[in-house]
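This report concerns only the one structure given below.
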């Protein structure tokens, strides 16, 4: 099984269009881009569809396989740009399955009202499924995905989701955007043994002025990332063979000290184009 990181950024594609600081200028010159966090598994399972997804797949030379499955974590645009879901030239025989929460379903209906090209609900080869936390989804005879409740403030009573995926006998935890899990989510997570953990680390610098409980509820920093991994080790949900990747970075927060802390904990700092084989 292969996992391709399409992007590892949080909040915006970096460098942003109007950022003109030295760091952004150098990033453009070096082609050091950080699109929104998203992963593609075996060219058939996509988690999140941020702005620039189509262009990014083209630049990375990726051709997807059908039936194709798209799992969306929540409605924030760095995780879902509705226009990325459609293709005018798509073969109508190529089935695309979309999985997202009730809030996104309602938002897409409003989106279709003012965008004449967005006709997702009129296409026979698109199948939309509204998913709920902890309800198992069978995608093939041997593959299964479990949406779990993330700890992320979205507004409008939206339930943000993370995903546990069992594909070809390998089990993956995809955890972005989220802070510290609630007890029910921990119970679900700790009932699995993971081959790969992909975990957000939005903040590397701990802001003293930012309330700890607020950080815990919306995103992880290095400190809470390490505590998260430690808990997975203690509950034997991961072991020394588990591959751990950090993603969803605020690029202005990345520090060498933070990277070293992640590496000391056995985690790799993911980047656009990196591939995990398992």
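The values are calculated or read from the model by the stated rules, or taken from the named source; none is laboratory data. All of these numbers come straight from a predicted model, not from anything done at the bench. For neighbour counting, all protein chains shown are included, and Cβ atoms are generated from backbone atoms with ideal geometry for every residue, glycine included.
Can you find a residue in the stretch 86-99 that is within 17 Å of residue 157 (Cβ to Cβ), surrounded by 11 or more Cβ atoms within 10 Å (Cβ to Cβ) and touching a helix residue (DSSP H, G or I) at 6+ places or on another chain (Cβ under 9 Å)? So that I can check it myself, show each step before the final result.
Applying the first criterion (within 17 Å of residue 157 (Cβ to Cβ)) to the stretch 86-99 yields none.
Scanning the stretch 86-99 turns up no residue that is within 17 Å of residue 157 (Cβ to Cβ), surrounded by 11 or more Cβ atoms within 10 Å (Cβ to Cβ) and touching a helix residue (DSSP H, G or I) at 6+ places or on another chain (Cβ under 9 Å).
Which ones in the stretch 16-41 are under 17 Å from residue 270 (Cα atoms) and part of a loop (DSSP other than H, G, I, E, B)? Those that are under 17 Å from residue 270 (Cα atoms) and part of a loop (DSSP other than H, G, I, E, B): 31, 32, 33, 35, 37.
Of the residues that make up the stretch 142-153, is at least one touching a helix residue (DSSP H, G or I) at 6+ places or on another chain (Cβ under 6 Å), surrounded by fewer than 18 Cβ atoms within 10 Å (Cβ to Cβ) and in contact (Cβ under 8 Å) with a residue 12 or more places away in the chain? Talk me through it step by step, then tell me what you get.
Pass one, the stretch 142-153, residues touching a helix residue (DSSP H, G or I) at 6+ places or on another chain (Cβ under 6 Å): 148-149, 151-153.
Those still in the list that are surrounded by fewer than 18 Cβ atoms within 10 Å (Cβ to Cβ) too: 153.
Checking the rest, the ones that are also in contact (Cβ under 8 Å) with a residue 12 or more places away in the chain come to 153.
Yes, the conditions are met somewhere in the stretch 142-153.
Summed over the stretch 3-15, the residues that are touching a helix residue (DSSP H, G or I) at 6+ places or on another chain (Cβ under 9 Å) and in a strand (DSSP E or B) give a count of 4.
Taken as a whole, the structure leaves residue 238 outside the set of residues that are closer than 27 Å to residue 43 by Cα, modelled with pLDDT of 95 or more and not in a loop (DSSP other than H, G, I, E, B).
Condition check: within 25 Å of residue 152 (Cβ to Cβ), without any contact (Cβ under 8 Å) to a residue 12 or more places away in the chain and surrounded by 14 or more Cβ atoms within 10 Å (Cβ to Cβ). Does residue 106 satisfy that?
Numbers: within 25 Å of residue 152 (Cβ to Cβ): yes; without any contact (Cβ under 8 Å) to a residue 12 or more places away in the chain: yes; surrounded by 14 or more Cβ atoms within 10 Å (Cβ to Cβ): yes.
Yes; evaluated as a whole, the condition is true for this residue.
All but one of (1) within 21 Å of residue 95 (Cα to Cα); (2) assigned to a loop (DSSP other than H, G, I, E, B); (3) in contact with a strand residue (DSSP E or B) (Cβ under 8 Å, 6 or more places away or on another chain) hold for residue 74; which doesn't? Result: residue 74 passes all but (1).
For the stretch 96-114, the criterion of a residue being assigned to a loop (DSSP other than H, G, I, E, B) and touching a strand residue (DSSP E or B) at 6+ places or on another chain (Cβ under 7 Å) is satisfied by at least one position. Only residues that are outside any helix (DSSP H, G or I), modelled with pLDDT under 90 and closer than 17 Å to residue 149 by Cβ were counted across the stretch 192-231, and they come to 0. Cβ separations smaller than 8 Å between residues 6+ apart or across chains give no pair from the stretch 59-70 residues that are on the phi > 0 side of the Ramachandran plot and surrounded by fewer than 16 Cβ atoms within 10 Å (Cβ to Cβ) to residues that are modelled with pLDDT under 95 and in a loop (DSSP other than H, G, I, E, B). Per the listing 25, 47, the residue uniquely at pLDDT 95 or above and either touching a strand residue (DSSP E or B) at 6+ places or on another chain (Cβ under 9 Å) or within 25 Å of residue 253 (Cβ to Cβ) (or both) is 47.
Is at least one residue of the stretch 127-139 assigned to a strand (DSSP E or B), within 30 Å of residue 247 (Cα to Cα), touching a helix residue (DSSP H, G or I) at 6+ places or on another chain (Cβ under 9 Å) and modelled with pLDDT under 95? Let's see the steps before the verdict.
Pass one, the stretch 127-139, residues assigned to a strand (DSSP E or B): 127-130, 137-138.
Pick out the ones that are also within 30 Å of residue 247 (Cα to Cα) and you get 127-130, 137-138.
Going one step further and asking which of them are touching a helix residue (DSSP H, G or I) at 6+ places or on another chain (Cβ under 9 Å), we end up with 128, 130.
Among the residues that remain, those that are also modelled with pLDDT under 95 are: 128.
Checking the stretch 127-139: at least one residue is assigned to a strand (DSSP E or B), within 30 Å of residue 247 (Cα to Cα), touching a helix residue (DSSP H, G or I) at 6+ places or on another chain (Cβ under 9 Å) and modelled with pLDDT under 95.
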